[in-house]
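Colleague: What follows is a structure written as structure tokens; I'll ask about it next.
The values are calculated or read from the model by the stated rules, or taken from the named source; none is laboratory data. Predicted model, so just to flag it, every value in this text is computed and none were measured. Don't worry about glycine lacking a Cβ; one is built from the backbone with ideal geometry, like all the others, and counts go over all protein chains shown.
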Amino acid sequence: AGDDARAYEVLTPAQGLVLAAVLNRIIPANDVMPGAGDVGVARFIDGVLVDAPHLRPRVIALLNEADARERFASLSEAEQDGRLREMARHEQDAFDALLRAAYTGYYSESRVLAAMGRSSNADSASPPAPFDTRRLDAVRKRGPKYRDVATARRTAPGGRS
């Protein structure tokens with residue numbers, strides 16, 4: 001599966017495929033969870049790049065570095081991991097931005113939430129139940145648990161009267 005070569009808004013189809021392969025090493029699949037590259041996170045990151053043009057050259061440079069010398073997808077997992085470690089060392093800020101976007105996209109994806117036994121409100125046909133404000137009654141009965149600064153100033157020695 002994975003992200004296919006359909007049109008991206010910022011990335012080229014080839015860059016999208018490299019990104020999907022990179023994402024599958026950053027967040028690989030296991031017996032329960034899908035890999036990040038297999039659930040459309042590359043498209044999510046492409047959308048981030050639409051909204052954050054200042055990140056475009058940095059992320060594209062990372063993808064070019066990942067695919068330099070040899071195609072990233074043709075490397076062994078150990079070689080891919082080594083290349084990613086090298087990228088993280090040399091381009092730490094850009095790599096950190098890519099990681100943040102990857103995790104945000106991954107844990108927003110409905111298939112990931114379903115694998116975790118959760119659901120997203122976006123997938124729900126009905127809105128969440130209204131909040132029962134009676135659950136706050138005990139807190140209200142306790143009263144404020146802070147010091148009123150205005151009162152403390154007026155009553156403190158040397159304070160304003």
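Colleague: Working only within segment 9-39, note down all residues that are assigned to a helix (DSSP H, G or I) and polar (S, T, N, Q).
Modeller: Answer for segment 9-39, where residues must be assigned to a helix (DSSP H, G or I) and polar (S, T, N, Q): GLN15, ASN24.
Colleague: With ALA138, ALA152 as the choices, which residue is in contact with a Gly (Cβ under 9 Å, 6 or more places away or on another chain), at pLDDT below 90 and of a type outside the set (Lys, Arg)?
Modeller: ALA152
Colleague: For the list (1) under 30 Å from ILE26 (Cβ atoms); (2) at pLDDT below 90; (3) in contact with a helix residue (DSSP H, G or I) (Cβ under 6 Å, 6 or more places away or on another chain), I need the number of the one condition that VAL112 fails.
Modeller: Evaluating VAL112 over (1) under 30 Å from ILE26 (Cβ atoms); (2) at pLDDT below 90; (3) in contact with a helix residue (DSSP H, G or I) (Cβ under 6 Å, 6 or more places away or on another chain) leaves (2) as the failure.
Colleague: Test each condition in (1) of a type outside the set (Val, Ile, Thr); (2) farther than 19 Å from VAL22 by Cα; (3) at pLDDT 75 or above for ALA88 and report the one that comes out false.
Modeller: All conditions pass for ALA88, except number (2).
Colleague: Out of the helices (runs of 4 or more DSSP H) lying entirely within segment 40-137, which hold 2 or more residues that are in contact (Cβ under 8 Å) with a residue 60 or more places away in the chain?
Modeller: 41-51, 92-106, 110-115
Colleague: Could you please let me know if GLU65 is over 20 Å from the mean Cα position of the chain (by Cα), over 30 Å from ALA114 (Cβ atoms) and surrounded by 16 or more Cβ atoms within 10 Å (Cβ to Cβ)?
Modeller: Considered against the rule, which asks whether it is over 20 Å from the mean Cα position of the chain (by Cα), over 30 Å from ALA114 (Cβ atoms) and surrounded by 16 or more Cβ atoms within 10 Å (Cβ to Cβ), GLU65 comes out as yes.
Colleague: Please state which of the following conditions LEU75 fails to meet, knowing it meets all the rest: (1) under 16 Å from GLU9 (Cβ atoms); (2) touching a Gly at 6+ places or on another chain (Cβ under 9 Å).
Modeller: (1)
Colleague: Another question, then. Based on what the data block shows, is ALA94 at pLDDT below 95 and within 15 Å of the chain's Cα centre (by Cα)?
Modeller: The answer is yes for ALA94.
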